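Engineer: Please see the structure below; I have some questions.
The values are calculated or read from the model by the stated rules, or taken from the named source; none is laboratory data. Bear in mind the structure is a predicted one, so any value in this text is a computation, not a measurement. Neighbour counts are summed over all protein chains in view; Cβ atoms, including those assigned to glycine, are modelled from backbone coordinates with ideal geometry.
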Amino acid sequence: MSQQILGIGSRVKHPAFGDGVVISIDVVAYQICFIQFGIKLVGKDYANLEIIERIVPEEAVSFSEAEKALVRILKAWSDVSEIIPLGDKWKEGLMILRSADPTLKDKEIPIDTFFHKIVMVRDRLRVMEQRINASKIDDEEKINLQQYITRIYGSLTTFNVLFRQKEHHFVGEKGDA
């Protein structure tokens, strides 16, 4: 197939699926309804798709569709995180780590610095989850890794006291103490 963009209603022939009609256009693929095989996604760059009748597309991809796709990609693959507010009672607070050994000096850490690191850990766990879900490993291994990440979230619930809004809390397995 040449690099022509097909519009909805274009008739095509696929070497494996036979005759079909383009019913929807995604960013990188066409949704094609084949007579015998139903609806299938076929990449726009698939070379063996024969065009029987080309309908000129009204609009290749709308701006809103492209914007939604870009937002999904950025959320899934970037380390850019939303701004999560620290609870008001902790603002300008100081965390003091004191050893049982009196000869050692205390370590002081601003709570907002510590909180920022906790939020970064959470965001990176989310990216890891998304990459696991998108990977080609088998479903059983995905489930095992997801359960492990859930247990990590559960270990981090101690830090929920720092978050201003409950919807930002870490959540482990429900019902666990």
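Engineer: Quick test of your reading of the structure: SER135 fulfils all but one of (1) within 21 Å of the chain's Cα centre (by Cα); (2) surrounded by fewer than 16 Cβ atoms within 10 Å (Cβ to Cβ); (3) under 22 Å from ILE84 (Cα atoms). Name the failing condition by number.
Structural biologist: Among (1) within 21 Å of the chain's Cα centre (by Cα); (2) surrounded by fewer than 16 Cβ atoms within 10 Å (Cβ to Cβ); (3) under 22 Å from ILE84 (Cα atoms), the lone unmet condition for SER135 is (3).
Engineer: If we scan region 84-99, do we find a residue that is within 24 Å of the chain's Cα centre (by Cα) and assigned to a helix (DSSP H, G or I)?
Structural biologist: There is no residue in region 84-99 that is within 24 Å of the chain's Cα centre (by Cα) and assigned to a helix (DSSP H, G or I).
Engineer: Further, regarding this structure: State yes or no: is GLN165 touching a residue at least 40 places away in the same chain (Cβ under 8 Å) and more than 21 Å from the chain's Cα centre (by Cα)?
Structural biologist: yes
Engineer: Residue by residue through region 138-171, note down the ones that are more than 21 Å from GLY87 (Cα to Cα) and either surrounded by 10 or more Cβ atoms within 10 Å (Cβ to Cβ) or not assigned by TED's automatic domain parsing to the domain that holds ASP112 (or both).
Structural biologist: Selection gives GLU141, LYS142, ILE143, ASN144, LEU145, GLN146, GLN147, TYR148, ILE149, THR150, ARG151, ILE152.
Engineer: Right, something else. Assuming ALA177 fulfils every condition listed in (1) over 30 Å from VAL27 (Cα atoms); (2) among the hydrophobic types (A, V, I, L, M, F, W, C); (3) surrounded by 10 or more Cβ atoms within 10 Å (Cβ to Cβ); (4) at pLDDT below 90 apart from one, which condition is it?
Structural biologist: That leaves (3) as the condition not met.
Engineer: Report every pair of residues separated by at least 6 positions or lying on different chains whose Cβ atoms are under 8 Å apart, first residue within region 5-27 and in a strand (DSSP E or B), second polar (S, T, N, Q) and modelled with pLDDT of 90 or more.
Structural biologist: Going by the 8 Å Cβ cut-off, the qualifying pairs are HIS14/ASN48; VAL21/SER10; VAL22/SER10; VAL22/GLN31; ILE23/GLN31; SER24/GLN31; ILE25/GLN31.
Engineer: Which pairs do you get when a residue that is exposed (fewer than 14 other Cβ atoms within 10 Å of the Cβ), found in region 100-122, comes within reach of a residue that is hydrophobic (A, V, I, L, M, F, W, C) and in a helix (DSSP H, G or I), reach meaning Cβ atoms under 6 angstrom, with the pair 6+ apart or on two chains?
Structural biologist: So the pair list comes out empty.
Engineer: Kindly indicate the residue of region 48-68 that is surrounded by 11 or more Cβ atoms within 10 Å (Cβ to Cβ) and in a loop (DSSP other than H, G, I, E, B) and also modelled with the highest pLDDT among those meeting that condition.
Structural biologist: LEU49
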